[in-house]
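This report refers to the structure that appears directly beneath it.
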Amino acid sequence: MTPYYRVGHGFDVHRFRRGRKFILGGVRIPHAFGLEGHSDADVLIHALMNALLGAMGKGDIGIHFPDTDSRYKGISSERLLARVLRMVDQEGLGLMNGDITLIAEKPRLAPFFPEIKKNLSRLLKVPPSRLNIKAVTTEGLGWAGEGRGIAATAVVLLRRKRRG
Ligand code: MG
């Protein structure tokens, strides 16, 4: 039987590219650059899905949604997250809480956290109080510090649902 608690960690990076939309946690962020990727490149939701898959012991999004598959080209990461959440449910697990850290020098992301949290709460079907989003810079160091891209990490705790 699935253990009572399962913890998972996820990580993802996407580079900025001019002419792309910048979608973070399903929310459009106004910025001169968007994120490059096969899907909508929502780095936050990708890290979150990797954490959920990790908690289930089911690999990562590259295995489940390969970027060589044209079905996933330009796809909304919200749709991929919905599939991962179905897997969580099928495993008899439910999300307890999630903690997400964004690593980005610019733009300033904190003003968008309430909207992102509200959207994630809707997608994950948990109250906003069970979700945390924060951001750090790298003090100008490296590719993140140069504003060339964004990284995201996520930690989730899943709990086995009571039966009957
Ligand atoms: Mg990704």
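Where a number appears in this text, it was derived from the coordinates with a stated rule and is not lab data. Not measured: the values here are computed from a predicted model. Cβ placement follows ideal geometry from the backbone for every residue including glycine, while neighbour counts extend to all protein chains displayed.
Observations on the model:
- Once the range 3-38 is narrowed to residues that are touching a helix residue (DSSP H, G or I) at 6+ places or on another chain (Cβ under 9 Å) and part of a loop (DSSP other than H, G, I, E, B), the residue that is farthest from the ligand (Cβ to nearest atom) is Ile29.
- Check on Thr101, within 16 Å of Gly149 (Cα to Cα), away from the ligand (no atom under 11 Å from the Cβ) and surrounded by fewer than 22 Cβ atoms within 10 Å (Cβ to Cβ): yes
- Qualifying residue in the range 108-129 (condition: in contact with a strand residue (DSSP E or B) (Cβ under 9 Å, 6 or more places away or on another chain), of a type in the set (Lys, Arg) and at positive phi): yes
- Filtered by the rule that a residue be within 22 Å of Thr137 (Cβ to Cβ) and hydrophobic (A, V, I, L, M, F, W, C), the range 87-119 gives Ile100, Leu102, Ile103, Ala104, Leu109, Ala110, Phe112, Phe113, Ile116.
Residue-by-condition table, conditions (1) more than 17 Å from Ile45 (Cβ to Cβ); (2) touching a residue at least 12 places away in the same chain (Cβ under 8 Å):
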site: Leu95; (1), (2): no, yes
site: Gly98; (1), (2): no, yes
site: Glu105; (1), (2): yes, yes
site: Leu109; (1), (2): no, yes
site: Phe112; (1), (2): no, yes
site: Ser121; (1), (2): no, no
site: Arg148; (1), (2): yes, yes
site: Ala151; (1), (2): no, yes
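- Screening the range 111-164 for residues that are part of a loop (DSSP other than H, G, I, E, B) and of a type in the set (Lys, Arg) and picking the one that is farthest from Gly34 (Cα to Cα) gives Arg163.
- Hey, Ala55 away from the ligand (no atom under 16 Å from the Cβ) and over 21 Å from Ser129 (Cα atoms) or not: no
To keep it simple, each residue is scored yes or no on (1) surrounded by 14 or more Cβ atoms within 10 Å (Cβ to Cβ); (2) more than 15 Å from Val13 (Cα to Cα).
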position: Ala47; (1), (2): yes, no
position: Leu52; (1), (2): yes, yes
position: Asp60; (1), (2): yes, no
position: Phe65; (1), (2): yes, yes
position: Tyr72; (1), (2): yes, yes
position: Arg83; (1), (2): no, yes
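- Restricted to helices (runs of 4 or more DSSP H) entirely inside the range 42-110, those with at least 3 residues that are of a type outside the set (A, V, I, L, M) and out of contact with any Gly (no Cβ under 9 Å at 6 or more places or on another chain) are 77-90.
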